[in-house]
């Protein structure tokens, strides 16, 4: 059996990743796309593309019959599911096979065996693998979706009184993500580490384990940083994990690439979590240390090839960071907008798997991961340093990202020592330290670049002038920076920056001497958005005056949409009801995450302007809570205090 054309039943970064291997193997590629993705990078990159009418996941990427029809229409002879969406849907795998196509993944029976987390736990318990049992367990508890992973449909319950509410939320999210609202409960291990084992198996009975990955740095049960080999794991624990993973794969006759996930307690005891019957987001770190192309191996195995010899021994250390369009300092709020520039300098040991290019739009329909950045080096210390530096020097002009957080995580002494738990980010300084000096210098550089653009000859004058004023609002925290400078015979002279001397300035950047040290600031302008990059760090501003704030003119007590999204649920409240501070009123879904909108204070619900299914824009008035001291509010938060993830893992 020879595969000549592959349809990737996915989008974004993973579609492009599979296409890359297909091109190397001389295999034609087919993309599918929703209306929202019509101009996406993966569509442009494919040899052929088929439209899936609609915009939501439910109407497009989750419609298995439409994806199979697309493969047949385009003449593909195989389907690669990627991860997320239908990748662990046994019915979809069976439909692909029934259509006479090659399924690049495990058998439908293997997917079914591990697809339900409850059935998988019973299977593993019977095989002698330790599992967590939530029967009669006291809080804290963890609610999980039975039909999927990666944080979707997951909630932490710390008080039994909130169990019903969190069960309802978990079921709703699981139904939306996987088409199945079955959930289960298990004890929540506070100090656990998330360690997983990569397996690769052929159809002839050979099962390889390809090392373990530590994925403990998470927010909302969504992995953020992954690495291999796992640090601070002894030989005995490593052997136990690998043996258990191998037995799990053999128990279900697994074929293809998969991952067996474990939660390792603070005492070093491993518990089976789940088996992901697909390629993982973090597979590149395993590829780096083994030298394998796991997508190539998936295709080979799907064509009936054998795994020969012994699995390659790992070489060096690899670390991956997931770059998201989100604001960690404000409850990980997803961001949308145009990616004006996306540039991470290539270099030895660096790998970038991205889903976007310059000019692409980041919308609200799908997960906001922009790219995975991977560093591979001889030692863990070298890999961490290389990755942090690559992220720090990246040019990311567009929606706010978690880049600064990633850099601080990679350099945090606790993380550098290794062995952090999944609670690592719970007490992490998500906003990061303020740096008024960098803010001020970056705003000054922006103002001087603006001056150069307004005065083609450089803005030089023969006589002193009155101070010029330019105002910028920092995207990071909204702080307003006023910059004053004078044009003189010697060029512009900053006001209020006695230790700063302007060495040169142009529309593309400024060179400043700061306390005797020469510093170069690059400046890029896109409309009223200004991005300043330097060796000290990167800053983004909005040039003022800007458009009025969305809340201007709204009634006191208005609850405003913190982002574009869709109203998915309304609480059991009605206009005229008394509400209390923090009481949930409605839920928005944006970028595959639910955001709870709560009453900002005690008062009366005097207006409710939305209903389930309504799409709203940033700043739209959702409801009004009238009470003493009412003010306009954007008040939204993740649907659980302990958070939730997205459909990827």
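The single condition among (1) in contact with a helix residue (DSSP H, G or I) (Cβ under 8 Å, 6 or more places away or on another chain); (2) crowded, with 22+ Cβ neighbours inside 10 Å; (3) closer than 20 Å to residue 280 by Cβ that residue 157 does not satisfy is (3). When residues in the stretch 380-407 are screened for being without any contact (Cβ under 8 Å) to a residue 40 or more places away in the chain and buried (at least 16 other Cβ atoms within 10 Å of the Cβ), 5 of them pass.
Of the residues in the stretch 293-301, not one is outside any helix (DSSP H, G or I), under 22 Å from residue 144 (Cα atoms), touching a helix residue (DSSP H, G or I) at 6+ places or on another chain (Cβ under 9 Å) and not assigned by TED's automatic domain parsing to the domain that holds residue 154.
In the stretch 471-491, the condition of being touching a strand residue (DSSP E or B) at 6+ places or on another chain (Cβ under 8 Å), under 16 Å from residue 451 (Cβ atoms) and surrounded by fewer than 14 Cβ atoms within 10 Å (Cβ to Cβ) is met by no residue. From the list 233, 225, the one residue that fits, being surrounded by fewer than 23 Cβ atoms within 10 Å (Cβ to Cβ), modelled with pLDDT of 95 or more and not in a helix (DSSP H, G or I), is 233.
For (1) free of Cβ contacts under 8 Å to residues at least 12 places away in the same chain; (2) touching a helix residue (DSSP H, G or I) at 6+ places or on another chain (Cβ under 7 Å); (3) in a helix (DSSP H, G or I); (4) more than 23 Å from residue 369 (Cα to Cα), each residue gets a yes or a no:
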{"residue": "62", "(1), (2), (3), (4)": "no, no, no, no"}
{"residue": "66", "(1), (2), (3), (4)": "no, no, yes, yes"}
{"residue": "70", "(1), (2), (3), (4)": "no, no, yes, yes"}
{"residue": "73", "(1), (2), (3), (4)": "no, no, yes, yes"}
{"residue": "76", "(1), (2), (3), (4)": "no, no, no, yes"}
{"residue": "85", "(1), (2), (3), (4)": "no, no, no, no"}
{"residue": "93", "(1), (2), (3), (4)": "no, yes, yes, yes"}
{"residue": "106", "(1), (2), (3), (4)": "no, no, no, yes"}
{"residue": "110", "(1), (2), (3), (4)": "no, no, yes, yes"}
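Exactly one residue out of 567, 610, 575 is at pLDDT 90 or above, within 32 Å of the chain's Cα centre (by Cα) and either part of a loop (DSSP other than H, G, I, E, B) or assigned by TED's automatic domain parsing to the domain that holds residue 367 (or both): that is 610. The number of residues in the stretch 110-129 being over 24 Å from residue 175 (Cα atoms) and modelled with pLDDT under 80 comes to 3.
Suppose we keep only residues that are touching a strand residue (DSSP E or B) at 6+ places or on another chain (Cβ under 9 Å) and in a helix (DSSP H, G or I) within the stretch 124-137. Which one would you say is surrounded by the fewest Cβ atoms within 10 Å (Cβ to Cβ)? Within the stretch 124-137, the match that is surrounded by the fewest Cβ atoms within 10 Å (Cβ to Cβ) is 125.
Note on the stretch 1-16: among residues that are out of contact with any helix residue (DSSP H, G or I) (no Cβ under 7 Å at 6 or more places or on another chain) and assigned to a helix (DSSP H, G or I), the one that is surrounded by the fewest Cβ atoms within 10 Å (Cβ to Cβ) is 13. Just to be sure, is residue 179 within 26 Å of the chain's Cα centre (by Cα), modelled with pLDDT of 95 or more and more than 23 Å from residue 376 (Cα to Cα)? So residue 179 fails the test. Looking only at residues that are farther than 30 Å from residue 561 by Cα and modelled with pLDDT under 95 in the stretch 317-346, which one is surrounded by the most Cβ atoms within 10 Å (Cβ to Cβ)? The residue in question is 345. For the subset of the stretch 361-376 comprising residues that are touching a helix residue (DSSP H, G or I) at 6+ places or on another chain (Cβ under 6 Å) and assigned to a loop (DSSP other than H, G, I, E, B), which member is surrounded by the fewest Cβ atoms within 10 Å (Cβ to Cβ)? Looking at the filtered set, the residue picked out is 363. Among the criteria (1) touching a helix residue (DSSP H, G or I) at 6+ places or on another chain (Cβ under 9 Å); (2) surrounded by 17 or more Cβ atoms within 10 Å (Cβ to Cβ), the one residue 414 does not fulfil is (2).
The values are calculated or read from the model by the stated rules, or taken from the named source; none is laboratory data. Predicted model, so just to flag it, every value in this text is computed and none were measured. Positions of Cβ are backbone-derived with ideal geometry, glycine not excepted, and every protein chain shown enters the neighbour counts.
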